[in-house]
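The values are calculated or read from the model by the stated rules, or taken from the named source; none is laboratory data. Please read all numbers here as calculations on a predicted model, not as lab measurements. Backbone-built Cβ (ideal geometry, glycine too); neighbour counts: all protein chains shown. All accessible areas refer to the heavy atoms of the entire protein, side chains included, with ligands and DNA or RNA removed. Shrake-Rupley method; radii C 1.70, N 1.55, O 1.52, S 1.80 Å.
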Amino acid sequence: MYTQSFTVGDGNQAPQKPIPFTSQQDAERLAAFDACIADDGRIEAQDWMPDAYRKTLVRQISQHAHSEIVGMLPEGNWISRAPSLKRKAILIAKVQDEGGHGLYLYAAAETLGTSRDQMLNDLHTGRAKYSSIFNYPTLTWADVGVIGWLVDGAAIMNQIPLCRCSYGPYARAMVRVCKEESFHQRQGYESLLVMMQGTDGQRAMVQDAVNRWWWKCLAMFGPPDADSPNSALGMRWGIKRFSNDELRQKFVDAIVPQAKVLGVTLPDPDLKWNAERGHYDYGAIDWDEFWATVNGNGPCNRERLATRVKAHEDGQWVRDAALAHARKQAARRQQEAA
Ligand code: BYC
């Protein structure tokens, strides 16, 4: 099961050899690991690490990778219907970037001893989680702009701190991901600014999209801190640098002024500045709806998974051809060396 009990390693690769060490050596390695974390150092793939740290990273990084590739689907849906060549080119580039993010992240997870086949199998059989946000439909062109502005905006808020994650391969992958996400966020906001200068119908379309996505974006940061079983260890190990609620608050504080410039209303009557806290207060999130979606019962869960599985099956011939080519090359090199 893809959760805390995720099994690292599978039948598709040489199993990791257990390292035989005495409990004294074990204690020394753990002390070195703890010292590195306390010193804000980086753990690398070849370094010793506690099993629970490895499992947590595989869980989080693979969930993140799945989110990137499933995240291609709601927007990909609009490539053929983009309103101009310019918008189509931008959207193609963005969706392609998300596929690239998935690849960096699968590669980072593989350094921990799991395989891409295993991770994809978990996704395709519905055992793996991916971000709740991608289980909602994109009903109009304004949804594409709002995804860029709010969904990618939430993603950046969550992912910038991951550039300082204690696991080196994940942290390094996130540097490039964040640069690209920043472009995604700006293109979304710019496209909405243009629509807001258009007709009444276009403005209404933007407002409707904001109304539908706002609460889902707040939920994206994960359950409240008190109900977040993984946060304590994630924070202690320097994987997470801010809690779910802290990031959600930062997001709300950043978005309110942007909404004013855009000229849209955020659909929350309880949203107001709290001078005492120095933050915006906001209303209650529907966590029942969030969990229903995370557990496979959102509006598009089945459709997303079916599309993803079909894409994988349709791509089988490419993987077969690439493998056959690699085998041929290896045989040729062997022949030349003989
Ligand atoms: N959706 O203890 P918690 C993107 C799960 S990519 C589904 O707080 P943690 C983008 C959580 O996995 C967006 N499940 O967990 C892409 C856990 O379940 P398990 C993805 C969620 O790990 C393309 C349980 O709830 N970003 O934005 O400490 C285009 C309890 O949660 C969600 C990342 O993955 C959710 N929203 O914190 C555009 C970033 N939230 O595994 C945009 C990296 C929670 O115990 N990940 N769950 O069964 C993280 O930062 C953390 O994993 C999370 C959750 C903040 C998401």
Could you give every pair whose Cβ atoms fall below 8 Å, whose first residue belongs to the stretch 86-103 and is in contact (Cβ under 8 Å) with a residue 12 or more places away in the chain and under 14 Å from residue 144 (Cα atoms), and whose second residue is away from the ligand (no atom under 12 Å from the Cβ) and β-branched (Val, Ile, Thr), counting only separations of at least 6 or pairs across chains? 91/79; 92/79; 95/79
Please name all residue pairs, on different chains or six or more residues apart, with Cβ atoms under 8 Å, provided the first residue is in the stretch 223-234 and is near the ligand (Cβ under 8 Å from one of its atoms) and the second residue is of a type in the set (Phe, Trp, Tyr). 223/287; 223/290; 227/287
Would you check if there is a residue in the stretch 285-302 being more than 16 Å from the ligand (Cβ to nearest atom), open to solvent by less than 80 Å² (accessible area, probe 1.4 Å) and part of a helix (DSSP H, G or I)? no
For a quick check of your reading: which helices (runs of 4 or more DSSP H) sit entirely within the stretch 39-118 and have at least 2 residues that are away from the ligand (no atom under 15 Å from the Cβ) and within 24 Å of residue 192 (Cβ to Cβ)? 85-110
Which residue out of 194, 206, 210, 177 is loosely packed, with under 15 Cβ neighbours inside 10 Å and among the β-branched types (Val, Ile, Thr)? 194
Given the structure, is residue 82 among the hydrophobic types (A, V, I, L, M, F, W, C) and either open to solvent by 40 Å² or more (accessible area, probe 1.4 Å) or in contact with a Cys (Cβ under 7 Å, 6 or more places away or on another chain) (or both)? no
Among the numbered criteria (1) away from the ligand (no atom under 12 Å from the Cβ); (2) buried (at least 17 other Cβ atoms within 10 Å of the Cβ), which one does residue 170 miss? (1)
Only one of (1) away from the ligand (no atom under 13 Å from the Cβ); (2) in contact with a helix residue (DSSP H, G or I) (Cβ under 7 Å, 6 or more places away or on another chain); (3) of a type in the set (Phe, Trp, Tyr) does not apply to residue 242, and that is (1)
Within the stretch 120-154, restricting to residues that are part of a helix (DSSP H, G or I) and free of Cβ contacts under 8 Å to residues at least 60 places away in the same chain, the one that is farthest from the ligand (Cβ to nearest atom) is 121
